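Notes for the one structure printed next.
Values in this text are rule-based calculations from the coordinates and carry no lab data. Every value quoted in this text rests on a predicted model; they were computed, and no experiment measured them. Cβ atoms come from the backbone with ideal geometry, glycine included; neighbour counts cover every protein chain shown.
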Amino acid sequence: MPKSTCTISFYRNDLHQTKLSRDRCPVKNCQIDIHRHKAPFQRYKGQMRYVPFCPEHGIRVHNNGFVYYNGPSKSDLETSTKRNLMFHNDHYVENFLRNGNKLESKRLCYENSEDALSYNVFAQLLSNGDALRHLVSYIARRRIVDDVDLYLWGGKIDLKNGTVTKYPPLDRVRQHLEGDIKPFGTEPDIILVVPKQVVICIEAKFGSKNPIAEDKEAREGEKPKRMDRLLERYCRRNTLIDYRTIIDGEKMPKLFYEQLFRNIIFAASMAKLEGSDDWYVVNLRNQHVMNVKRGKPESMPILRNIRSILKPRYKKRFLHLTWEEIFEKVIKGHDGLANLTWYLKNKSLACGRAFNVL
Ligand SMILES: [Zn+2]
């Protein structure tokens, strides 16, 4: 089995800026013949495959970027994962990777991992609590003075005590709407909660697109794929909220962004359990990717589409934000967040620039 003792993390300036090629290691000046070494990888329930590997730099080289890989053991995976987490990486390994508190918890060693990006940015905002409050105030368009709780993949991140605890309203909404769906129930990437006041669900994208409903029947245990089935399950069978006050059933658009729709239903339902009607859903995207992929699904404007399914009173509960905007509004110039600024400026995606952050 291939192994590597490399523990270094690679950023934009360490990598070739030319279009990624699987012929060589993307690390500058690397002389290793990566085709002489192969490392295994497996998609969810997929077949094991072998891809070129650089033992000197401990990375697998894929078509669309690289993956930190130190070897096949559990502790090798911990090493690889930590290399992609610049902030609070022990907390992640301890609470998510070791005890399986998260689906696909092993994928945070991917260069293009949305989860690793979300963890780095939001855990670091949490450790500068005023920055997280500032972000919530910006989204809710009013001044928030109380502490904000951060939930990643349904777990409350407590950096001081080193723990992760579940969000009971999320569990209750899941039981109510998705009791028969396993293992992939609805899991908002990021939930920001000011107890009894505000609930914000954030669906974060790094390089990928927002999934849409398809004209296909779901298999047993899967979430619905068709729009009518989604509306049936999440709206009509939902007794936590009166969906008719929120969703405008008359105007369903052709492209139905099912993941964002589920986030809206979950945010409204969880807020109800918090005893509040103040909820928001944010689609957080990458401006740089949207610029590069103009005309492709990754850059489709979605604000109007989503707002068209909301009743007038709720239209502005859905927001579109970019990582770059969060940088401008909350991170830039913040004394405690100089290292997060560095991270966003130097983070790579497919070995090139990840963000439009100057
Ligand atoms: Zn190399």
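Which residues in the stretch 162-204 have a backbone N closer than 19 Å to a point placed 7 Å from the Cα of D90 along the Cα-to-Cβ line?
Zone members listed by number: 162-165.
Please report the antiparallel percentage of DSSP beta bridges with both residues in the stretch 146-316, rounded to the nearest 5.
Percentage antiparallel, nearest 5: 75.
Report the label-to-label distance for T245 and E56 in nanometres (one decimal), using points 7 Å from each Cα along the Cα→Cβ vector.
Placing both labels 7 Å beyond Cα along the Cβ direction yields 6.4 nm.
Considering only Cα-Cα distances, which of the following residue pairs are longer than 20 Å: K45/K254; K272/K316; K166/K272?
K45/K254
I need the shape label for the stretch 245-358. Rule: rounded when a/c is under 1.5, else prolate if a/b > b/c, else oblate, with a, b, c from the alpha carbon gyration tensor.
oblate
Would you give the gap between the C-alpha center of the stretch 123-168 and the C-alpha center of the stretch 176-204, rounded to a whole Å?
14
Helix 258-274: angle to the longest alpha-carbon principal axis of the chain, degrees 0 to 90, nearest 10?
On a 0 to 90 degree scale, this one is about 60.
Exposure proxy check: T81, T7 ranked by fewest other beta carbons within 10 Å?
T7, T81
What distance in nm separates the two pseudo spin-label positions at K209 and M252, each 7 Å out from Cα along the beta-carbon direction?
2.1
Using R₀ = 35 Å, calculate the FRET efficiency as 1/(1 + (r/R₀)^6) where r is the Cβ-Cβ separation of F184 and E328; round to 0.05.
For F184 and E328, the calculated efficiency is 0.55.
Report, in listed order, any pair from K82/K216; K28/K329; K106/K160; K205/K225 with a Cα-Cα distance greater than 31 Å.
Cα-Cα > 31 Å for K82/K216; K28/K329; rest within.
Using 0.36 nm per residue, how much length does the chain from K45 to H320 gain when fully extended, once their Cα-Cα distance is taken away?
95.7 nm
If you take all C-alpha pairs in the chain, what percent of them are over 35 Å apart?
The share of Cα pairs beyond 35 Å in the chain comes to 25 percent.
On a 0 to 90 degree scale, rounded to 10, what angle separates helix 74-84 from the longest Cα axis of the chain?
It is inclined by approximately 80 degrees.
Kindly identify the stretch 146-316 as rounded, prolate or oblate by the Cα gyration tensor criterion: order the square roots of the eigenvalues as a ≥ b ≥ c, call it rounded if a/c is under 1.5, otherwise compare a/b with b/c, prolate if a/b is larger, else oblate.
Verdict is rounded for the stretch 146-316.
Taking the simple approach of a point 7 Å from Cα along Cα-to-Cβ for both I32 and S9, what is their distance in nm?
2.0
Taking the Cβ of each residue in T239, T163 as the centre, tally the other Cβ atoms inside 10 Å and list the residues starting with the fewest.
Taking fewest neighbouring Cβ atoms as first place, the list is T239, T163.
Once R0 is set to 30 Å, what does the formula 1/(1 + (r/R0)^6) return for the Cβ-Cβ distance between E232 and K196, expressed as a FRET efficiency to the nearest 0.05?
0.45
Can you give the FRET efficiency to the nearest 0.05 for K296 and E104, using r as the Cβ-Cβ distance and R₀ = 25 Å?
In this case the efficiency is close to 0.50.
Output the antiparallel fraction of DSSP beta bridges having both residues in the chain, as a percent to the nearest 5.
The antiparallel proportion sits near 75 percent.
Lone cysteines in the chain, going by a 4.7 Å Cβ-Cβ cut-off?
C6, C109, C201, C235, C351
Given the Cα-Cα distance of N161 and L303 and 0.36 nm per residue of separation, how much length would full extension add, in nm?
Full-extension gain reported as 47.3 nm.
In the stretch 10-77, what chymotrypsin sites (Phe, Trp or Tyr not before Pro) fall in a loop by DSSP, with at most 16 other Cβ atoms inside 10 Å?
Y11, Y44
Would you order Y138, Y119, Y167 from fewest to most other beta-carbon atoms within 10 Å of each residue's own beta-carbon?
Final ranking by Cβ density, sparse to dense: Y138, Y167, Y119.
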